[in-house]
Structure formats: structure tokens, C-alpha cells
Amino acid sequence: MNAALPRRRDELPTPALCIDLDALDANIAAVAALCRQRRVAWRPHAKCHKSPPLAQRLLAAGAIGLTCAKVSEAAVFAAAGIRDLLIANLIAGADKVNRLVELRRQADPIICLDHLDQAVAISRAMQAAGLRVRALLEVDIGLGRAGVLPGTPALELARKVADLEGLELAGVMGYEGHLLQIADPVEKAEKIAEALGQLVETAESLRREGFPCPIVSCGGSGSLPCAVRQKGITEVQAGGVVFMDAFYRYRCHLEGYQNALFVLATVVSRPASDRAIMDAGRKTMHGDFHPPLVVGRPGITVERMSAEHGILKLAPPAQDLRIGERLELIPGYSDFTTVLHDRFWVCQGDRVVDVWPLAARGCLA
């Protein structure tokens, strides 16, 4: 253990973003086992953690690479020695294209496309550099965000992309994010199967036309159990599942994983018998999708948050809460909480065993 680290969790300055290492490793092992069982590769999204040490832990457990949100984010992981990086966002503009070329010199990224204009610009840059980059067609399977429509529109785009030098058509990807919060499990499974069926059928139509399509990529954390069951899917991108949070558990109804990410906060004020104030607000954790949850203290709920304050509602059994007491909270949504911090404090029980920097924090371009 680094001698400069606090030795105990209760010595950490608050608010502090912490990882329960045992719970994290259990979650990683569970997802890796699920993917092996279903014979689906795991390419976890790194936007939820932005941390090379955590990424290396995922790869050691069997992940084939990472999914990244932006070129700059992928560059951080490439610098850490990770080569197989899917950039699950559309790349446009000379600056980003030039940085993609530099990324290709040190790693083997995969880009996604949904329009010929993106493809032409990247093709020209790659040709000029004497390089090739793998590309997936992003297919809109119902989310109504980015993506070429499935079927014939995707096939027409594939024909045009296949004629461009510097690009290697490697498959398709889609995201079923509009279906994550369906409460009824049967309905959720049916609708996700229908959406992913469009993606798989698009891949099959490309293959019938002679286009290679080794990658069929999808699967967020909130749909992971359904996505791995879909015949024809080759890989899933679920990343936040390794942390779990209130959103995934109570809005997406994801079960079987432990809460591995938490925030430590300190009670700093007791202005009323039924109200307390903690030192963790919106600049510490995200609460719009689901309010943070207080662990192990019945009767304390997060009523609202301002920039630097968390306002706690206290039921009668919890009204003995005192200034200076520490609380452990499960974030409402992990992706939007981690990016507010520079480091993870890694804990085992009451001990602090490591610190992992969020090296890709702020990499938004």
C-alpha cells in the first residue's frame, strides 16, 4: 500500500468517491462469467470510470477491449497500452479526424459511422497517412438518436463505405437505451429482442451482400441480461454494471450485482430536528435519474441537493444524527458522478488500499 495514502476510510477528507474493491471484483467476475456462458465478448464502456487502472482490471478478467465515448478519451487508454478501443460516438471535424489519425498510429481503434460525409473525411485522412481504420455502421434500432436506419438504408451506406480507401468495414452497432426502464421483465425482454433483432438482421443482410461483418455490438448495463441472450450479437458494451447504482437497480431493475461505488459525506449542520445538511451536493454526485441512497441508516433520505449541500430528511428514528457523523451514499447514477471527481479511493473494508486517478476526466472532444 502507498504509504502516502490514508490508512483508514474514516480518515478520508469528504466528500470522497470510493470503490469497494471486493464488490467491484465480484461484479467484474459476474459479468465476465455471464459473457463466457453466453459466448458473447465483453467490451465495457470506459465513460463510466475513465480510469486506466480499472480498465486494466477489466481486461485481466477477460474483456476484449474498451468502448470509449470520444477520441480524446480513447487516447488516454491507448497511452496506457490498451489497443482495442471502440469509439462509440460519431467523429466529425478536422481536429477530431486528425487526432483519430494519431490515435491509429498507436492503437487499433474502431470508429462508427452513420453518414457518408463522416466516412469520406476519415477515409481521406487515413489514406494521406497510409493507414486503415476499422469502422462499424451505427444503426438506429429505435432510440431515435444517431444511426442509419436498419435494413436497406444501412446496406446502401455499407456499399458506399466499402468503396473508400483507408476504411475497413467491420460490422454494426446499435443501442437499445430507450428500453432500459421498462418495468415488466417479459415486456422488456420482448422489446429488446425485437430491437436487437433489427441489428442482427442488418448484419446478416450485409453478409449476404458479401460485406464482412464480424462485429455486432450493443448492450448497455440496464439491458445486459437481455442483450447477451440475443442470437447473433457478438459483443456487449455494458460498463456501469461493475459499479451498480440506484438508477440501474431501481429504474432498470438490474439484479445480481453489488453496489461497488459510493460517496462518503459528513454531516455539517442540523438546522432542524427533521433536517440535516451534508457536505455533498450536485458537484459531488448526480441525482436527477434517481436520488442518492444513504446506506445502513434507516430513516435518512436525500431530499434535495444544491451545488455544495445535500439536504437530508430525517424520520424520527434518525433524528439523533449528529454534526461530524459520516454517511455512505450510493450515487443515483454512476456515469454522471464519477466525472465530478479526480480520483477513486479504493477500499477493502475499512482500509484504503489504493487510489486510482480518473485520467480521462474532462476528455470530451
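The values are calculated or read from the model by the stated rules, or taken from the named source; none is laboratory data. Note that the coordinates shown come from a computational prediction; the quantities given were computed from them, not determined experimentally. Please note: Cβ atoms are built from the backbone with ideal geometry, for glycine as well, and neighbour counts cover all protein chains shown. Surface accessibility is based on the protein's heavy atoms, side chains included, excluding ligands, DNA and RNA. Shrake-Rupley method; radii C 1.70, N 1.55, O 1.52, S 1.80 Å.
Only one of (1) over 18 Å from the mean Cα position of the chain (by Cα); (2) open to solvent by 50 Å² or more (accessible area, probe 1.4 Å) fails for Y250. Which number is that?
Exception for Y250: condition (1).
Select from the range 344-360 the residues that are in contact with a Ser or Thr (Cβ under 8 Å, 6 or more places away or on another chain) and not in a strand (DSSP E or B) and write down the one among them that is most open to solvent (accessible area, probe 1.4 Å).
Among residues in the range 344-360 that are in contact with a Ser or Thr (Cβ under 8 Å, 6 or more places away or on another chain) and not in a strand (DSSP E or B), the one most open to solvent (accessible area, probe 1.4 Å) is A359.
Looking at L149, L131, L155, which one is in contact with an Asp or Glu (Cβ under 7 Å, 6 or more places away or on another chain) and open to solvent by 30 Å² or more (accessible area, probe 1.4 Å)?
Numbers: L131 fails: in contact with an Asp or Glu (Cβ under 7 Å, 6 or more places away or on another chain); L155 fails: open to solvent by 30 Å² or more (accessible area, probe 1.4 Å).
Checking each option against the conditions leaves just L149.
Answer yes if at least one residue in the range 264-281 is assigned to a strand (DSSP E or B), in contact with a Cys (Cβ under 7 Å, 6 or more places away or on another chain) and open to solvent by less than 70 Å² (accessible area, probe 1.4 Å), and no otherwise.
Checked against the condition, which is being assigned to a strand (DSSP E or B), in contact with a Cys (Cβ under 7 Å, 6 or more places away or on another chain) and open to solvent by less than 70 Å² (accessible area, probe 1.4 Å), the range 264-281 yields at least one hit.
Scan the range 115-128 and tell me whether some residue there is without any contact (Cβ under 8 Å) to a residue 60 or more places away in the chain, of a type outside the set (K, R) and not in a helix (DSSP H, G or I). If you could, list the steps in order and put the result at the bottom.
Taking the range 115-128 first, the residues without any contact (Cβ under 8 Å) to a residue 60 or more places away in the chain are 115-128.
Restricting the remaining residues to those that are of a type outside the set (K, R) gives 115-123, 125-128.
Applying the additional criterion that residues be not in a helix (DSSP H, G or I) yields 115.
Yes, the range 115-128 contains at least one residue that is without any contact (Cβ under 8 Å) to a residue 60 or more places away in the chain, of a type outside the set (K, R) and not in a helix (DSSP H, G or I).
Please tell me if R297 is under 24 Å from the mean Cα position of the chain (by Cα), of a type in the set (D, E, K, R), modelled with pLDDT of 95 or more and open to solvent by 10 Å² or more (accessible area, probe 1.4 Å).
In short, no.
Would you mention how many residues in the range 175-197 are open to solvent by 30 Å² or more (accessible area, probe 1.4 Å), closer than 22 Å to A154 by Cα and in a helix (DSSP H, G or I)?
4
Go through V216, V241, V200 for me and flag whichever is under 27 Å from L157 (Cα atoms), open to solvent by less than 40 Å² (accessible area, probe 1.4 Å) and assigned to a helix (DSSP H, G or I).
V200
Given the structure, is A75 touching a residue at least 60 places away in the same chain (Cβ under 8 Å), within 15 Å of L59 (Cβ to Cβ), open to solvent by 10 Å² or more (accessible area, probe 1.4 Å) and not β-branched (V, I, T)? Lay out the reasoning, then the answer.
Details: touching a residue at least 60 places away in the same chain (Cβ under 8 Å): yes; within 15 Å of L59 (Cβ to Cβ): no; open to solvent by 10 Å² or more (accessible area, probe 1.4 Å): yes; not β-branched (V, I, T): yes.
Answer is no for this residue.
When you go through (1) out of contact with any strand residue (DSSP E or B) (no Cβ under 7 Å at 6 or more places or on another chain); (2) of a type outside the set (G, A, S); (3) within 21 Å of F336 (Cα to Cα); (4) surrounded by fewer than 18 Cβ atoms within 10 Å (Cβ to Cβ) one by one for P53, which number turns out not to apply?
The single condition P53 does not satisfy is (1).
Any idea which of L24, L58 is farther than 30 Å from R105 by Cα, in contact with a Phe, Trp or Tyr (Cβ under 9 Å, 6 or more places away or on another chain) and open to solvent by less than 10 Å² (accessible area, probe 1.4 Å)?
Of L24, L58, the one residue that is farther than 30 Å from R105 by Cα, in contact with a Phe, Trp or Tyr (Cβ under 9 Å, 6 or more places away or on another chain) and open to solvent by less than 10 Å² (accessible area, probe 1.4 Å) is L24.
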